[in-house]
1. Hey, any hits in the stretch 4-18 for a residue that's hydrophobic (A, V, I, L, M, F, W, C) and assigned to a loop (DSSP other than H, G, I, E, B)?
2. Would you tally the residues in the stretch 86-116 being open to solvent by less than 20 Å² (accessible area, probe 1.4 Å) and either touching a Gly at 6+ places or on another chain (Cβ under 9 Å) or within 12 Å of residue 24 (Cα to Cα) (or both)?
3. Out of curiosity, is residue 54 loosely packed, with under 14 Cβ neighbours inside 10 Å, modelled with pLDDT of 95 or more, part of a helix (DSSP H, G or I) and within 18 Å of the chain's Cα centre (by Cα)?
4. Determine, yes or no, whether residue 80 is buried (at least 21 other Cβ atoms within 10 Å of the Cβ), of a type in the set (Gly, Ala, Ser) and assigned to a loop (DSSP other than H, G, I, E, B).
5. Quick one: which residue in 108, 70 is touching a Ser or Thr at 6+ places or on another chain (Cβ under 6 Å) and more than 21 Å from residue 13 (Cα to Cα)?
Amino acid sequence: MTVKRDDHPGIRVPPPLIFLALVVIGPLLDRLLGLAPIALTKPLQISLVLALIATGLALVLAAIRRFASAGTRVEPWAPSSAIVSDGVYRFTRNPMYLGMALVMLGLALILASPASLLMVAVAVLIVDRFVIRREEAYLERKFGEPYRAYRAK
């Protein structure tokens, strides 16, 4: 089976690296700008961190399992061979990115970093503009009406 050279969405940077880079930049900005740490009680901080990271990881792992079951690649820069619309994909078209954002929120709280909290919004914006939009355009080109129907519901 041959793969067409243009059978990919043109993603240039792996989304996990976008989230990771921006969570690392947060504490650096805190220091540079002299921002005070986020003030939470330890029990609240621990509860929020555990809930966010556990939920985020569960979403990512559930999405990866659905891709494996469908026999398609999880990497957004690789060709897709199927539309995955069941499991967690019934509720959101982007459970992996949602999961990564939740993990990043948890990490921002572990770091008590106000700039890292802001960087979550920046990461989501970058992933939306430079990853999700390309993925959606690619999936529509490749799958046509079945993908449009999935997006509509």
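The values are calculated or read from the model by the stated rules, or taken from the named source; none is laboratory data. Not measured: the values here are computed from a predicted model. Ideal geometry is used to build each Cβ from the backbone, glycine not excepted, and the neighbour counts take in all protein chains shown. The accessibility values were calculated without ligands, DNA or RNA, using every heavy atom of the protein model including side chains. Shrake-Rupley method; radii C 1.70, N 1.55, O 1.52, S 1.80 Å.
1. Kept after step one, since they are hydrophobic (A, V, I, L, M, F, W, C), are these residues of the stretch 4-18: 11, 13, 17-18.
From what's left, assigned to a loop (DSSP other than H, G, I, E, B): 11, 13.
Yes: the stretch 4-18 contains one or more residues that are hydrophobic (A, V, I, L, M, F, W, C) and assigned to a loop (DSSP other than H, G, I, E, B).
2. 9
3. yes
4. It is true that residue 80 is buried (at least 21 other Cβ atoms within 10 Å of the Cβ), of a type in the set (Gly, Ala, Ser) and assigned to a loop (DSSP other than H, G, I, E, B).
5. Numbers: 70 fails: touching a Ser or Thr at 6+ places or on another chain (Cβ under 6 Å).
Going through 108, 70 in turn, just one is touching a Ser or Thr at 6+ places or on another chain (Cβ under 6 Å) and more than 21 Å from residue 13 (Cα to Cα): 108.
For (1) among the basic types (Lys, Arg); (2) more than 23 Å from residue 50 (Cα to Cα), each residue gets a yes or a no:
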{"residue": "91", "(1), (2)": "no, no"}
{"residue": "100", "(1), (2)": "no, no"}
{"residue": "111", "(1), (2)": "no, no"}
{"residue": "127", "(1), (2)": "no, yes"}
{"residue": "138", "(1), (2)": "no, yes"}
{"residue": "150", "(1), (2)": "no, yes"}
{"residue": "153", "(1), (2)": "yes, yes"}
